[in-house]
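Following: one structure in structure tokens, then a few remarks.
The values are calculated or read from the model by the stated rules, or taken from the named source; none is laboratory data. Owing to the predicted nature of the structure, the values given are computational and were not obtained by experimental measurement. Cβ placement follows ideal geometry from the backbone for every residue including glycine, while neighbour counts extend to all protein chains displayed. In case anyone asks, the SASA skips ligands and DNA or RNA and just uses the protein heavy atoms, side chains included. Shrake-Rupley method; radii C 1.70, N 1.55, O 1.52, S 1.80 Å.
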Amino acid sequence: MVSFFVFTASLVAYCLDITTIDPLEYGLLFERFLSVDRISMPDIDVDISDEYRDFVIDYCRFKYGADHVSRIVTFGSAMARAVIRDTARVLAEDSEAGRKESLMLADKIAKMVPQKPNVKLHDVLFYNVKKQDLYVSELHDLYEADPKVKKILDIAFKLEGLKKNCSQHACGVLITPTAVTDYMPQIMLENRVTKKKEPTTQLTMTECEDMGCLKMDFLSLRTLSVIDHTLKMINESGNSITYEDIPLNDTNVYAYISKGLTAGIFQIESPYMRSLMQELYQDVYTNPDFSGEIGFQRLCDANALGRPGPMEEIPNYIHNMLHPEDVQYDVPLMEKTLKPTNGIIVYQEQLMALVRSLAGFSGPQSDTIRKACSKKKEALLNEYGEYFVFGSVKKGIDGCVKRNIPVAVAKQIWQKMVKFGQYAFNKSHSVCYSELTAKTAWLVTYYPAEYYCAILNSFISDASRIKSYIAVCKKLGIEVLPPDIKRSAADFSIDDSDGKKAIRFGLQGIRDVGAKAVSIVHERKLNGTYNDFGSFISRMIRANAINKSVLEALIYAGALDSFPGTRKNKIDGVEQTLNQIKKDKVKIRRSNLTWFDIARKKGLQGFNQQFDYHFTINEDEIPKQTKLAREKEFAGFYISEHPLDEYADIYKNNKIFECSIFA
């Protein structure tokens, strides 16, 4: 399962079934992907399920030849804060006290540097009108007053920006017609995921593109794996739904989103985007003209507008959406392009369409303007601004004046377009993002248990995320059943044994159990359910899947509650049981037999009887607060009850509510 971005603008790709979105239906311009004026190869960004990314790269090596495919190098630079600390460390006096003093001074200086992208020490230390927000007067005063600070910063100035280390680019892959070494040198670098060394270019991504080589971006996306696993769970119950079957124009989905229930939905689960969705779909029940197609169009717009810069236009967008009669266009020709986005320039493609319709620019020329706006190339913008207003015979551009648009109006439109063009979003990206948003929202709307089960599995080693999504399930009325050694799978799973879909906690989600969960479940599938604590232990020693920490984790998380005895009985019996296991292992070694020899002689039942471990069973139990604390520690949530349950009546009478209700 893959998702494409700029490549989606290619009609050829759609006709060949490489992409699934019709570029004509959504007004995606081919020139945004490829044009005759473009020197470098087109951008092809491919989002792949995070489980299959390495498989796709291996496929490329098989398809085109291992020596034709290479990972791309990226260099880490000495940034402002880091270079200050590095310089101070080297300059430190050769004594414990001297090193400590120097590092403390470096820490003081570094913390004065603003934590913003691409900050330069010169801009922080010396006032510059254009970058006055970066200037720190306290640091400047310290630089002038303290010789040690001055020495550190003077050296740091010279080191800042130098290449510090090299590693593989996170997603870039180079594919060449012949061996990569015919074009550039390579180096062996370690893959951070597989820990294996792979051939990697010694030229950066932009240098590879400048040489005319094809650079692909293979990005791993967790959401695609979640969708894949959700569909598998859905289809296990007799359905036959594929990714392509999920519609984008289901009005029920947008009604669901309008309630702010966006947890786990791609791109819109942040508090800001959740609030935006509620504003965007506030008329879903009251507008008789609302349709699924309108819902998807708004979703595309939201994914473009919900970013720094464009978000300033959201109030105007919402107002125009609710009051279309208030929308005004500088010239009537602009209505066709801007009406779908309520009179607001949202996309780069709209900018390109406007210069073509208003001034007669060609497709490639419009893409040149798009790049000039996004890269803020003032000289190029000034040149093309003249062409936009007055035209150019040499370049075959009519200009607005020739098309009966007054000079003043044309200049006003140009300034507005340049301003919007600086942050306008790529519509191909937005449509692809929104396709994933709509499809994940559809799964949440119709199959919430399966979808959140898949999400929990995607974060199975992240206790904090598991906790937050279990809270979401609780809010939505999806029961999360506690771990049970007799029923739980290694991963979270759907349990409908009581006639209602619920999520059963996976054994791998218990702290300290990890991969041992796979062996526990495998043994249960082979030889049947576990009947009691003793038989469970005896079967686990054969599978080599048990130790003290695993046993205690299972007990504290409540996974062994279905066995006779209290948790305290089982915890007290752990040491005794493990000691008995050690003694039995000694007996086995002395008899020159193996566990399997004994099992063959006496059969499974006889084996379990010979190595059946017992412990004292009584009514003693772990103190309530300790028991609940251990549940939270090992499972991530309270299983048997909540510590505040005993105060439920007090809360109710005093109208005290859980905070998550309002989240």
TODO: Please state which of the following conditions residue 319 fails to meet, knowing it meets all the rest: (1) surrounded by 17 or more Cβ atoms within 10 Å (Cβ to Cβ); (2) under 32 Å from the mean Cα position of the chain (by Cα).
DONE: (1)
Task: Every pair of residues 6+ apart whose Cβ atoms lie under 9 Å, when the first sits in segment 196-221 and is at positive phi and modelled with pLDDT under 90 while the second is of a type in the set (Ser, Thr, Tyr) and open to solvent by 30 Å² or more (accessible area, probe 1.4 Å) - done: 212/40; 212/183
Task: Neighbours by Cβ (under 9 Å, 6+ apart or cross-chain): first from segment 312-326, closer than 22 Å to residue 273 by Cα; second open to solvent by 80 Å² or more (accessible area, probe 1.4 Å) and in a loop (DSSP other than H, G, I, E, B) - done: 318/282; 322/282
Task: One residue from 587, 548 being open to solvent by 40 Å² or more (accessible area, probe 1.4 Å), more than 15 Å from residue 511 (Cα to Cα) and at pLDDT below 90 - done: 587
Task: Candidates 497, 519, filtered to the one that is over 26 Å from residue 629 (Cβ atoms), without any contact (Cβ under 8 Å) to a residue 40 or more places away in the chain, part of a helix (DSSP H, G or I) and among the small types (Gly, Ala, Ser) - done: 519
TODO: Can you confirm whether segment 642-653 contains a residue that is in a loop (DSSP other than H, G, I, E, B), open to solvent by 50 Å² or more (accessible area, probe 1.4 Å) and modelled with pLDDT of 70 or more?
DONE: yes
Open item on the list: Can you find, within segment 241-255, the residue that is most open to solvent (accessible area, probe 1.4 Å) among those that are more than 16 Å from residue 277 (Cα to Cα) and out of contact with any helix residue (DSSP H, G or I) (no Cβ under 8 Å at 6 or more places or on another chain)?
Closed with: 244
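For segment 284-297, check the following and say yes or no: at least one residue is surrounded by 23 or more Cβ atoms within 10 Å (Cβ to Cβ), more than 21 Å from residue 412 (Cα to Cα) and not aliphatic (A, V, I, L, M). Please lay out each step first, then the result.
Initially, segment 284-297 is screened for residues surrounded by 23 or more Cβ atoms within 10 Å (Cβ to Cβ), giving 295.
In the following step, the residues that additionally are more than 21 Å from residue 412 (Cα to Cα) were identified as 295.
Now drop any that are not not aliphatic (A, V, I, L, M), which leaves 295.
Yes, segment 284-297 contains at least one residue that is surrounded by 23 or more Cβ atoms within 10 Å (Cβ to Cβ), more than 21 Å from residue 412 (Cα to Cα) and not aliphatic (A, V, I, L, M).
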TODO: Provide a single number: the residues in segment 385-401 that are in a helix (DSSP H, G or I) and free of Cβ contacts under 8 Å to residues at least 24 places away in the same chain.
DONE: 3
TODO: Would you check if there is a residue in segment 45-61 being open to solvent by less than 40 Å² (accessible area, probe 1.4 Å), more than 30 Å from residue 426 (Cα to Cα), modelled with pLDDT of 90 or more and of a type outside the set (S, T, N, Q)?
DONE: no
Task: Count of residues meeting criterion [part of a loop (DSSP other than H, G, I, E, B) and free of Cβ contacts under 8 Å to residues at least 12 places away in the same chain] in segment 281-308 - done: 4
Task: Scan of segment 436-480 for residues that are β-branched (Val, Ile, Thr), within 16 Å of the chain's Cα centre (by Cα) and over 25 Å from residue 517 (Cα atoms), ordered by number - done: 437, 440
- [ ] Output the residues belonging to segment 30-44 that are open to solvent by less than 40 Å² (accessible area, probe 1.4 Å) and touching a Ser or Thr at 6+ places or on another chain (Cβ under 8 Å).
- [x] 32, 33
Task: Residue in segment 260-283 that is nearest to residue 221 (Cα to Cα), counting only those that are open to solvent by less than 20 Å² (accessible area, probe 1.4 Å) and of a type in the set (A, V, I, L, M) - done: 265
TODO: Output the residue which, of all residues in segment 220-235 that are farther than 17 Å from residue 456 by Cβ and not small (Gly, Ala, Ser), is surrounded by the most Cβ atoms within 10 Å (Cβ to Cβ).
DONE: 221
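Kindly establish whether residue 89 is in a helix (DSSP H, G or I), of a type in the set (Lys, Arg) and in contact with a helix residue (DSSP H, G or I) (Cβ under 6 Å, 6 or more places away or on another chain).
Values: in a helix (DSSP H, G or I): yes; of a type in the set (Lys, Arg): yes; in contact with a helix residue (DSSP H, G or I) (Cβ under 6 Å, 6 or more places away or on another chain): no.
For residue 89, the condition - in a helix (DSSP H, G or I), of a type in the set (Lys, Arg) and in contact with a helix residue (DSSP H, G or I) (Cβ under 6 Å, 6 or more places away or on another chain) - is not met.
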- [ ] Please specify each residue of segment 87-111 satisfying the condition of being within 32 Å of the chain's Cα centre (by Cα) and either open to solvent by 70 Å² or more (accessible area, probe 1.4 Å) or at pLDDT 90 or above (or both).
- [x] 111
- [ ] Would you be able to say whether some residue in segment 338-357 is of a type in the set (Phe, Trp, Tyr) and surrounded by 17 or more Cβ atoms within 10 Å (Cβ to Cβ)?
- [x] yes
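Determine whether residue 616 is polar (S, T, N, Q), surrounded by 13 or more Cβ atoms within 10 Å (Cβ to Cβ) and modelled with pLDDT of 60 or more.
No.
Given segment 116-219, what helices (runs of 4 or more DSSP H) lie entirely inside it while holding 2 or more residues that are among the small types (Gly, Ala, Ser) and either over 21 Å from residue 89 (Cβ atoms) or open to solvent by less than 40 Å² (accessible area, probe 1.4 Å) (or both)? I'd like the intermediate steps shown before the answer.
On the way: elements: 121-125, 137-145, 147-159, 205-210.
Helices (runs of 4 or more DSSP H) meeting the threshold: 137-145.
Are any of the residues in segment 160-173 touching a His at 6+ places or on another chain (Cβ under 9 Å) and either among the hydrophobic types (A, V, I, L, M, F, W, C) or within 13 Å of residue 73 (Cβ to Cβ) (or both)?
Of the residues in segment 160-173, the ones touching a His at 6+ places or on another chain (Cβ under 9 Å) are 160.
So of that shortlist, the ones also either among the hydrophobic types (A, V, I, L, M, F, W, C) or within 13 Å of residue 73 (Cβ to Cβ) (or both) come out as none.
No, the conditions are met nowhere in segment 160-173.
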